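The values are calculated or read from the model by the stated rules, or taken from the named source; none is laboratory data. Because the structure is predicted, anything quoted here is derived from the model rather than measured. Positions of Cβ are backbone-derived with ideal geometry, glycine not excepted, and every protein chain shown enters the neighbour counts.
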Amino acid sequence: MKQPKRRCKHCGCLFDPCPKVAKHAYCRKKQCQRARKRIWQKKRLDENPRYRQDQKAAQQLWQENSPDYWGKYRQRNQPYTDGNREKQRDRNRRRRHPGGAEAVIAKMDAIKQENNIFSGRYRLIPLTPDVIAKMDTIIVEIKDISAAYNEIGSVIAKMDV
């Protein structure tokens, strides 16, 4: 007796399932089999720490054995690489600040122009690697002075001179 057709979970096409595979859910198309494998692998990586560790070790070994892979890839695919570089330059131009400087892409934690220090008391602790107990702390008080106050103060200072 022939099994009824099933609908592929990836592409949605009807296919004849293999009678030997109980939960046959993907057709034989290459992209559908790749999708099935990606889903299986993601589930396996999430659930199995040993598998995740083995995959990471295999990837590190491949990187050690193929240190010049990306350089050769860029040489083999010169037009593609050049196109990507040009697209990145365009993205950089579109991200420019009003002053004309390009936005920083990779440094998301860089200090920004605005003042993030609030008025209050702070404890300063020296950063020395050989000190275990931090007994050399200093308490300081920091008060935020606005930019307008600084401008007025400099005008008054110029008038006093």
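Remarks
- Of all the residues in the stretch 3-52, those that are out of contact with any Cys (no Cβ under 9 Å at 6 or more places or on another chain) and aromatic (Phe, Trp, Tyr) number 2.
- Any hit, the stretch 111-122, residues being more than 30 Å from Thr137 (Cα to Cα) and either over 21 Å from the mean Cα position of the chain (by Cα) or at pLDDT 95 or above (or both): no
- Any hit, the stretch 93-102, residues being part of a helix (DSSP H, G or I), surrounded by 11 or more Cβ atoms within 10 Å (Cβ to Cβ) and modelled with pLDDT under 95: no
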